[in-house]
Structures are given as structure tokens and as C-alpha cells.
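The structure appears right after this line, and notes come after that.
The values are calculated or read from the model by the stated rules, or taken from the named source; none is laboratory data. Computed from a prediction, not measured in an experiment: that's the story for all the values here. Here Cβ is always computed from backbone atoms with ideal geometry, including for glycine, and neighbour counts include all displayed protein chains. Keep in mind that these areas ignore ligands, DNA and RNA; they rest on the heavy atoms of the full protein, side chains included. Shrake-Rupley method; radii C 1.70, N 1.55, O 1.52, S 1.80 Å.
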Amino acid sequence: RNLLLTNFHERPFRPNLGSNLSNILFEPADIITIICLKQSILEVLRKNEPRIDSISAEIIDDSDRNRYHVNLGFRVISPNLEVDITLFLSRLR
């Protein structure tokens with residue numbers, strides 16, 4: 001969750017840690033934006049979190065509330081534990 005909600009250059013001494021999902025949220029709500037969000041989420045998790053495997057992401061457009069419903073699923077390698085996380089990504093002004 002912290003990796004996804006952190007923008008680049010927000011963490012001191014680690015400017016490349018995080019994702020710029022907030023920039024994608026202001027794009028038009030269509031299938032291309034959903035694909036970009038999904039690719040960005042999967043990329044940041046694969047790149048920065050070596051302790052997880054089998055990452056899956058499902059993104060549902062909730063245009064009426066100006067947000068995206070994100071369901072993440074992954075497997076933690078060490079204790080072999082399946083984890084599901086639900087996030088809401090919304091635009092803030």
C-alpha cells in the first residue's frame with residue numbers, strides 16, 4: 001500500500017521508490033487509463049517488493065465517485081501466505 005500511494009521523489013534518499021498513480025488518476029476514465037493503472041501497479045510491486053510472488057490486480061472504474069476500486073492479490077513467499085488487499089484510488093485536489 002505504501003509503495004502504491006507514494007509518488008516519486010517523496011522519500012528522502014530514495015527518489016525512485018514509489019509510483020506516480022496520482023498523475024494517472026486525472027486522465028479520462030476509460031479502458032486505457034485502467035490498463036495504465038494496472039501496468040503501473042504491477043510494475044512497481046515487481047520492481048520493489050521481492051518478497052511477493054503471483055501478483056494479480058483487478059481495477060474497477062467507479063466514475064460516479066471519481067475513484068477506482070483496486071483489488072490486489074499476491075502470495076508472500078516466506079510463509080507461503082495468500083493475501084488480498086482492496087484499495088480505493090481517488091482524485092484529490
If we keep only residues of the stretch 34-62 that are assigned to a strand (DSSP E or B) and either exposed (fewer than 12 other Cβ atoms within 10 Å of the Cβ) or among the hydroxyl-bearing types (Ser, Thr, Tyr) (or both), then the residue modelled with the lowest pLDDT is 54
Check your understanding: Quick check, is residue 86 surrounded by 14 or more Cβ atoms within 10 Å (Cβ to Cβ) and among the polar types (S, T, N, Q)?
Key -> no
**Item:** Hey, residue 60 of a type in the set (Val, Ile, Thr) and without any contact (Cβ under 8 Å) to a residue 12 or more places away in the chain or not
**Value:** yes
Within the stretch 1-27, residues in a loop (DSSP other than H, G, I, E, B) and touching a residue at least 24 places away in the same chain (Cβ under 8 Å) come out as 1, 17, 18, 19, 25, 26
Just to be sure, is residue 72 in contact (Cβ under 8 Å) with a residue 24 or more places away in the chain, open to solvent by less than 100 Å² (accessible area, probe 1.4 Å) and closer than 17 Å to residue 2 by Cβ? yes
A careful count of residues in the stretch 1-31 that are within 17 Å of residue 68 (Cβ to Cβ), hydrophobic (A, V, I, L, M, F, W, C) and surrounded by 13 or more Cβ atoms within 10 Å (Cβ to Cβ) gives 7
